[in-house]
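Colleague: Just dropping this structure here.
Rule-based calculations on the coordinates, nothing more; no lab input. This is a predicted model, so every value here is computed, not measured. Neighbour counts run over all protein chains shown; Cβ positions are idealised from the backbone, glycine included.
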Amino acid sequence: MDPQVIQRTRYVLHARFRRVQKCPPALFPSACAQLVTWLENHSVLFSLVRRLESQSTESHKCIEKILSDSTAGQGYPQLGFYTADSSDDHAALCFHVLRAVARTAAMPSTAWDIVFSCLGEFLTSERYESANEAIRSIRDVAIDGVYEYLDEQIDTRNITYSILLKYKQRSEWFYRNRLRGIADEGLEGFNGERGLARDLQEYVFNQHVEFTIEPRSSSGEADLILREPRGRYLIIDAKYIREDAAPSAIRTQLASGFHQVARYCEDYREPEGFLVSFVRSSKRLSLDLEESDGLTFLRLGGKTIYYLAVQISEEPSASKSGMADEITIVRDQLVSAIE
């Protein structure tokens, strides 16, 4: 991926959070509400947000109790204190606090002292006399916690996509004949789709990224399951589109590929995965996918599946190729076999 694209993605994320961090206290609830809306509708970040939303803990219940009791006019509720056993738990808790603050935008400002003081006490175990004092701690713990998590996840995703993009370029520019040979004759005892996946595994391993290869999931074996030192999984699956594949078979094969990656994501509780297709067909494939920050992807059941096509067909020169024969695959054809 172009480093400038990565830089811009992170810049926009930083700018959105900076507004929440720097706005006057009176604008804090509405700024949080705008941030939550932006995150939940962002074409790439939404899957990470869905993951945080799905993590319901005792701490989450405490936050809900603060809101319900304050809204009912029951004064300062009795509550516990913040606990988190992992960085993911911490990020989920921080997001629940952010969303709780966003919901106060619809409350009368007279309720803010109770809500924010209780949220601040929940996070820091300190007593607060006013909303303004508590907001400073909420910003330091919860808002920063969500930002740091998303910034880290964007970086992980971009590193992975960047590696796959370099693999695509290397393969299409220098290794087309080699990859066709692997598909036909095999590599390390594997041919066809498995042989091509083996070449992809070797390339990723040679990039000196600190991953370990994981065993198969309950849904079967993805072509590449990588685990970071921090415990996150990265899921990469491969499909081989043969030279003589009929349009209907290509549509079915790609739909199945997206379906498989979505299942693997569910097995490993990850919000996103990658599908790499090795296209030997001379037909041009046009997939109806979303695009953001230079990434193409399909959203399935709260999961984001990034897609990358590696063209390994034997291409004639531009002057002899004539008009390309294109196969268009609309989103419904990819999703209907899945949802």
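Colleague: For the pair ASN41 and ASP325, what calculated FRET efficiency results from E = 1/(1 + (r/R0)^6), where r is the Cβ-Cβ distance and R0 = 35 Å, to the nearest 0.05?
Modeller: According to the calculation, E is roughly 0.40.
Colleague: Between beta-carbons, use under 10 Å as the cut-off and find the net charge around GLU40, counting Lys and Arg +1, Asp and Glu -1. Can you show the working numbers first?
Modeller: Working: positive: ARG50, ARG99; negative: GLU53.
For residues surrounding GLU40, the net value is +1.
Colleague: Treat the count of other C-beta atoms within 10 Å as a stand-in for reagent exposure and order ILE250, ILE135 from fewest to most.
Modeller: ILE250, ILE135
Colleague: Next question, about the same structure. If we count other beta carbons within 10 Å of each Cβ, what is the order of PHE258, PHE46, fewest first?
Modeller: On the way: PHE258 25, PHE46 17.
Result, fewest neighbours first: PHE46, PHE258.
Colleague: At 7 Å along the Cα-to-beta-carbon direction for both GLU129 and PHE174, put a label point, then send me their distance in nm to one decimal.
Modeller: 6.8
Colleague: I need the shape label for region 3-150. Rule: rounded when a/c is under 1.5, else prolate if a/b > b/c, else oblate, with a, b, c from the alpha carbon gyration tensor.
Modeller: Prolate shape, in that a/c is at least 1.5 and a/b is the bigger ratio.
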